[in-house]
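The values are calculated or read from the model by the stated rules, or taken from the named source; none is laboratory data. Since this is a predicted model, take the numbers as computed values, not measurements. All Cβ positions, glycine included, derive from the backbone under ideal geometry; neighbour counts span all protein chains shown. Accessible surface areas use protein heavy atoms only, side chains included; no ligands, DNA or RNA. Shrake-Rupley method; radii C 1.70, N 1.55, O 1.52, S 1.80 Å.
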Amino acid sequence: QVQLVESGGGLVQAGGSLRLSCAASGIIFSINTMDWYRQAPGKQRELVAQITSSGRTNYADSVKGRFAISRDNAKNTVYLQMNSLKPEDTAVYYCRVLVGFSVYWGQGTQVTVSS
């Protein structure tokens, strides 16, 4: 059974940093893309950052230059380093992985940025 376990969320002041982790277990085949999404109250879930199996990255315009996504393939883990956090970054952050044609989601971790 595939499980994604996220960690690293919390409360931080504006300008601060957090590092999110998402560890995948129960996956037999190679993971293709690994993504971070977020959903703020009353808003749709949006893609924050994506990293392919070859290491190519893609970011939402709102986080470019502040967030960095990385992965450790040996550990089936994806990270999101978030710097210069703003109150508008407040949301539940979800990791998502694509394995073949199957998509798996984590349970989400709350990030709250106070002004």
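Applying the Karplus relation 6.51 cos²θ - 1.76 cosθ + 1.60 with θ = phi - 60° to segment 79-89 yields 3J(HN,Hα) values of 10, 9, 8, 10, 10, 6, 5, 10, x, 6, 7 Hz, where x marks Gly and Pro. 3J(HN,Hα) along segment 6-20: 9, 7, x, x, x, 9, 9, 7, 4, x, x, 10, 9, 10, 8 Hz, from the Karplus curve 6.51 cos²θ - 1.76 cosθ + 1.60 with θ = phi - 60°, whole Hz, x for Gly and Pro.
Site-free segments of the chain were taken between chymotrypsin sites (Phe, Trp or Tyr not before Pro) in DSSP loops having at most 16 other Cβ atoms within 10 Å, sites themselves excluded; the longest one is 30-100. Residues whose amide H falls under 5 Å from that of LEU85, counting only those 5 or more places apart or on a different chain, are GLY15, GLY16, with hydrogens built in the peptide plane. In this entry, segment 45-84 is assigned a mean projected area of 3.1 nm², taken as a quarter of its C-alpha convex hull surface. The mean accessible area for residues of the chain, using a 1.4 Å probe and ignoring ligands and nucleic acids, is 54 Å² per residue.
Straight-line cross-link partners of LYS64 among the aspartates and glutamates, defined as a Cα under 19 Å from its Cα and at least 8 positions apart when in the same chain: ASP35, GLU46, GLU88, ASP89. Of the accessible area of the chain, computed with a 1.4 Å probe over protein heavy atoms only, carbon and sulfur atoms account for 48 percent.
Tell me the volume per residue, in Å³, of the convex hull enclosing the alpha carbons of the chain. List each step's numbers first, then the result.
Details: hull volume 10.9 nm³, N = 115.
For the chain, the hull spanned by Cα atoms encloses 95 Å³ per residue.
The string of couplings for segment 97-110 from the Karplus curve (6.51, -1.76, 1.60, θ = phi - 60°) is 10, 10, 10, x, 9, 9, 10, 10, 10, x, 7, x, 9, 7 Hz, one whole number per residue in order, with x for Gly and Pro.
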